[in-house]
1. For region 162-183, which positions are closer than 24 Å to VAL235 by Cα, out of contact with any Gly (no Cβ under 9 Å at 6 or more places or on another chain) and surrounded by 12 or more Cβ atoms within 10 Å (Cβ to Cβ)?
2. Restricting attention to region 130-142, does a residue exist that is surrounded by fewer than 22 Cβ atoms within 10 Å (Cβ to Cβ) and in contact with an Asp or Glu (Cβ under 7 Å, 6 or more places away or on another chain)?
3. Condition first: more than 10 Å from the ligand (Cβ to nearest atom), of a type outside the set (A, V, I, L, M, F, W, C) and at pLDDT 95 or above. Can you find one or more residues in region 18-29 that meet it?
4. Name the pairs whose Cβ atoms lie under 6 Å apart, with the first residue in region 45-66 and more than 18 Å from ALA106 (Cα to Cα), the second more than 7 Å from the ligand (Cβ to nearest atom) and not hydrophobic (A, V, I, L, M, F, W, C), and 6 or more positions between them or separate chains?
5. Restrict the check to region 36-54 and report whether at least one residue is assigned to a helix (DSSP H, G or I), within 12 Å of the ligand (Cβ to nearest atom) and within 17 Å of ASP232 (Cβ to Cβ).
6. If you go through region 70-97, how many residues are basic (Lys, Arg) and either more than 11 Å from the ligand (Cβ to nearest atom) or in contact with a Cys (Cβ under 8 Å, 6 or more places away or on another chain) (or both)?
7. Kindly indicate whether any position in region 213-232 is among the charged types (D, E, K, R), farther than 30 Å from LEU39 by Cα and outside any helix (DSSP H, G or I).
8. For region 63-167, which fully contained helices (runs of 4 or more DSSP H) count at least 2 residues that are closer than 19 Å to PHE209 by Cα?
Amino acid sequence: MATVQDENPFTGPIGREYEMLRLICPNAAPLAGKLADHLATAQPGALLMGFEIGCGTGVSTLPLLAKNAGLHLLAIDSSAKMLAQARENLGEWIDAGRVEFVEADALEALRAQGDASFDVVASNYATHNFRDDYRSGVIAETYRVLKPGGLFLNGDRFALDDRAAHLALTQSMLRHWFKTFASISRHDLLEDWVVHLYSDESPEHIMYFSPALTLLREAGFAPEVIYREGVDTLVAATKPAPR
Ligand SMILES: C[S@@+](CC[C@H](N)C(=O)[O-])C[C@H]1O[C@@H](n2cnc3c(N)ncnc32)[C@H](O)[C@@H]1O
């Protein structure tokens with residue numbers, strides 16, 4: 001049974017210069033916007049208690065708060081470097097009492113919450129970093145902490161089920177990274193992102209699309225795919241309410 005995940009690439013240089021993500025993964029911020037929009041459509045105007053897994057520098061936290069006036073978030077991340085940026089970027093939201101940023105391992109933080117204590121659990125580009133066994137633990141705990149009828153919104157990279165197509169897409173992305181980082185002479189960061197990608201694509205981490213949906217169903221969720229382009233995907237998984 002997984003406990004904490006001690007590997008986190010965002011404690012090093014790619015966390016310090018996280019704004020480079022827009023070059024590495026241009027869809028990450030727009031997907032966070034879609035995630036926030038989906039919550040606003042699904043639960044318009046409601047007073048909501050939310051938990052964010054892997055909030056990073058606040059790129060995903062900001063649209064969630066801005067587009068959902070009734071949302072109060074407990075936003076956790078295990079990288080102090082990322083959280084320091086989040087606290088700086090979202091200072092006014094902290095002062096307004098809309099968000100609390102806490103440095104914590106995702107699974108440990110979820111385990112510390114009571115049953116059925118949140119209306120929504122959100123995550124953007126965090127769960128693909130997890131090892132399979134750890135991810136299963138996070139999904140099970142997410143289900144437990146959600147209220148019946150609650151929503152798990154996960155915007156992330158879900159690998160293509162077709163292995164050959166996924167390899168071709170990854171190779172073409174790598175070619176793009178090399179061109180982009182060469183043009184700004186940042187081979188140092190390119191090296192860190194490639195090493196990180198190697199971990200994401202490794203057999204014990206890679207999050208294939210269909211198995212990920214099966215995992216959600218097995219945990220009890222009713223998942224719905226809201227958006228998918230290439231690997232970039234938004235899944236809304238509802239914890240069914242008793243009839
Ligand atoms: C790619 S970043 C995404 C950040 C943010 N959600 C966004 O959309 O920009 C992934 C984040 O997950 C965090 N993370 C990775 N593993 C974690 C874990 N086991 N527990 C908590 N946070 C974790 C990293 O520190 C990083 O900030």
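1. ASP162, ALA165, HIS166, LEU167, ALA168, THR170
2. Yes.
3. Taking every residue of region 18-29 in turn, none turns out to be more than 10 Å from the ligand (Cβ to nearest atom), of a type outside the set (A, V, I, L, M, F, W, C) and at pLDDT 95 or above.
4. Here the result reads ALA46/GLY70; LEU47/GLY70; LEU48/GLY70; LEU48/ASP119; PRO63/GLY33; LEU65/ARG98, each pair linking region 45-66 to a residue that is more than 7 Å from the ligand (Cβ to nearest atom) and not hydrophobic (A, V, I, L, M, F, W, C).
5. Yes, the conditions are met somewhere in region 36-54.
6. Of the residues in region 70-97, 1 are basic (Lys, Arg) and either more than 11 Å from the ligand (Cβ to nearest atom) or in contact with a Cys (Cβ under 8 Å, 6 or more places away or on another chain) (or both).
7. Within region 213-232 (the criterion being among the charged types (D, E, K, R), farther than 30 Å from LEU39 by Cα and outside any helix (DSSP H, G or I)), the answer is no, since none of the residues qualifies.
8. 132-145
The values are calculated or read from the model by the stated rules, or taken from the named source; none is laboratory data. Since the model is a prediction, treat every value here as computed from it, not as a measurement. Heads up, the Cβs are rebuilt from the backbone with ideal geometry, glycines too, and the neighbour counts pull from every protein chain shown.
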